[in-house]
Amino acid sequence: MRTVPALVVAVLLASACSGQASDTTLPSASPETVVSDWLAALATLDLAALDAATATENVALLVGAENRLSTDQMTAILDGGLPPVTARSYWATFRDSIVGLVGAPFGEIETGAAGRFTVDDREFAAVAVQVGEAGTEVIVALVEDGWKVDLVATVGPALAVQLRRLVAQLVEEADDGVARRYALAAVTSLGAALARDPDNRALDLEVEAIEDLPIDLET
């Protein structure tokens, strides 16, 4: 199974723009800690920790978009999570691609301060990541049980077309509850990415296309 292509991981090396500041109080586990723990889990392929650090539908969207998963497969992931074999393959390729691109081991990746911002009353934070002179950010989202790494917001813009096609497939074929969860996750996370890169017209069009799908996205 193919997983994260170089195009997706390359987004981790790109600079990002600023978003709107927020005054919401942080939970006890800070965005910086969540990203540091996620990187540590990624280095050792700690699947339990990686699962805890991310939202199921968020990771599933990237796996599904890259591998053209069927509607039945996407539905099954919501019920039982990524199969362990698939999860290990995905995260291993993700990790190895990052190491190959930055030319440095994970121990040399440093995390910096987080800048918080809001999108439609949803709270996000962009955590600075530095490898030598190359800097970027990892976006995390505040959910009911704390901060989680938002992979779609972080690397999803490179797969925006595929994500939109996958969500459209789910809206057409899946149960309304399943389609809504995935559509809402996609539009929320890509909306966060757009807030960091507001001049990205191509991404803006894909977000609009998802919002125009015949599915109720009201929270």
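Laboratory data are not the source of any read-out in this text; all were calculated from the coordinates shown. Just so you know, these numbers come straight off a predicted model, no measurement behind them. Cβ atoms come from the backbone with ideal geometry, glycine included; neighbour counts cover every protein chain shown.
Assorted remarks:
- Label-to-label distance, nm, for residues given as ASP199 and ALA52 (7 Å Cα→Cβ offset): 4.1 nm
- Using only side-chain charges placed at the Cβ, +1 for Lys and Arg and -1 for Asp and Glu, the dipole size of the stretch 6-211 relative to its Cα centre rounds to 360 debye.
- Cα lying deepest toward the dipole's positive end in the stretch 93-200, options ILE98, VAL167, LEU151, charges on Cβ: VAL167
- VAL161 versus THR33: modelled label distance in nm, points set 7 Å from Cα along the beta carbon direction: 4.2 nm
- Computed from backbone phi with θ = phi - 60° and the Karplus coefficients 6.51, -1.76 and 1.60, the 3J(HN,Hα) list for the stretch 178-188 is 5, 4, 5, 4, 6, 5, 5, 4, 5, 5, 5 Hz; x is used for glycine and proline.
- For VAL129, residues with placed amide H under 5 Å, excluding near neighbours: GLY112, THR136, GLU137, VAL138
- Hydrodynamic estimate: the Kirkwood radius of the stretch 6-211 over Cα pairs, inserted into Stokes-Einstein at 25 °C and 0.890 mPa s, corresponds to D of 144 µm²/s.
- Exposure proxy for PHE94, PHE124, PHE106: other Cβ atoms within 10 Å of each Cβ, ordered fewest to most, give PHE106, PHE94, PHE124.
- Cα-based shape type of the stretch 29-149, given that a ≥ b ≥ c are square roots of the gyration tensor eigenvalues and the cut on a/c is 1.5: oblate
- The slack in the chain from GLN73 to GLN130, taken as 0.36 nm per residue of separation less the alpha-carbon distance, amounts to 16.9 nm.
- Additional length obtainable on full extension of the chain from PHE106 to ALA209, 0.36 nm per residue less Cα span: 33.4 nm
- FRET efficiency for the pair ALA43 and ASP175, taken as 1/(1 + (r/R0)^6) with r the Cβ-Cβ distance and R0 = 35 Å, rounds to 0.40.
- By the count of neighbouring beta-carbon atoms within 10 Å, fewest first, LEU142, LEU213 end up ordered LEU213, LEU142.
- Applying 0.36 nm per residue to the separation of LEU217 and VAL143 and subtracting their alpha-carbon distance, the gain on full extension is 24.9 nm.
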